[in-house]
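What follows draws every value from the coordinates through simple rules; no lab data is involved. These numbers come from a predicted model, not from an experiment. All Cβ positions, glycine included, derive from the backbone under ideal geometry; neighbour counts span all protein chains shown.
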Amino acid sequence: MGAISKLAARPWIWSYLGLLVVWLATVTFTGGKGGAEILSAALSFGTFTVIVGLGQMFVITTGPGNVDLSIPATIALSGSLAMKVMGGADAMLLVGLVVSLLCGVAVGGFNYALIRLLRIPPIIATLSSSFLVLSTAIAYGRGLKIKPPPMLADFTTARVFDIPVLALVVAGLAVAMSVLLNRTIYGRSVLAIGQNMRAAWLAGIPVERIRFLTYLLSAVLASLCGFVLAGFSGGASLNMGEEYLLASIAVVVIGGTSVAGGRANVPGIWGAALFMFLLVTMLNTFGASAGVRLIMTGLIIVAVITIAGGDKPQR
């Protein structure tokens, strides 16, 4: 019982229990058919949410009010730039990746400049930035219909034993982010700033440098998502990042990261991403209308967060 109690106390466990419940409900409704296929699809599509969720997690962990709303626009711009630079040629694959990541660096730096230099709240700053970034993507990518290089398309859709290769790579990325968060000075500084920014500053932590690196990390991961998503989708589109605005925040909260800052859970990002995909799949399988799907999705997400215990007071 003690082991069960300790496991139940971990915030990320509830996202995995939630995905198990909705998967079982879906499989039961279909008479046991398509269970493996549903999980495989969840891994394929949930992977992109995990990538942006990891970056959003670091931002939210730095404390109340910190959130990156420029993620969808960054995805669109980086995907468009990469596709244009590569021109469908395998030989330009590495160049396209570098350009995409540099796009993220530029957006992250611009976001923090608005926050630090102009003293704009992060929510407003990143929302304003998203309009400028998306406008740039529209001006640059209007009418852009370039297929990704075959190597990129093959990589993003490849499978090993019906497990997406990209999912395995992103699982490795999640492990790296967990090490970065829990085993490095930077990660511990992020947690300290989220717990108490003034105390962190008095302890000698370079608060503003850490915040700058955090917004940079979020934008770079968003640009990486745009790069691989364009390869997976057969090309870039201006609206391909839209669904990741709320999704990137939802997976962070459902996954057990505190919106009050100072506490983060990398394993929960995966559980929450798979849970959200399986939840929509379950409601589609049940034949729910679009309105009912939205209402039920919201209610079930709130229920999972409530059961997980929400944010606990911090001293």
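Odds and ends about this structure:
- Between V302 and D90, the C-beta separation translates, for a Förster distance of 45 Å, into a calculated FRET efficiency of about 0.45.
- Using only side-chain charges placed at the Cβ, +1 for Lys and Arg and -1 for Asp and Glu, the dipole size of the range 11-307 relative to its Cα centre rounds to 540 debye.
- Top of L221, L81, L246 by mean-square fluctuation, Gaussian network on the chain, Cα under 10 Å: L246
- In this structure the amide hydrogen of R159, modeled in the peptide plane, comes within under 5 Å of the amide hydrogens of V165, none closer than 5 places in sequence on its chain.
- Put simply, the amide H of G241, placed in the peptide plane, has neighbours under 5 Å in A76, leaving out anything fewer than 5 places away on its chain.
- Placing R0 at 41 angstrom, the Cβ-Cβ distance between L117 and V21 gives a FRET efficiency of 0.30 after rounding to 0.05.
- Over the residues of the chain, the helix contribution to mean residue ellipticity at 222 nm works out to -24500 deg cm²/dmol, using -39500 (n - 2.57) for each DSSP H run of at least 4.
- When C103, C225 are sorted by how many other C-beta atoms sit within 10 angstrom of their C-beta, beginning with the fewest, the order is C103, C225.
- Computed over the chain, the percent of Cα pairs more than 23 Å apart is 58.
- Shown for the chain are the DSSP H helices of 18 Å or more along their axis, judged by Cα atoms, with a mean Kyte-Doolittle hydropathy of at least 0.0: 13-29, 35-61, 71-86, 93-116, 122-141, 165-183, 207-233, 266-285, 290-307.
- Taking 0.36 nm per residue of sequence separation and removing the Cα-Cα distance, the T184/R159 pair yields an extension gain of 5.7 nm.
- Kirkwood Rh (inverse of mean 1/r, distinct Cα pairs), the range 200-260, angstrom: 14.0
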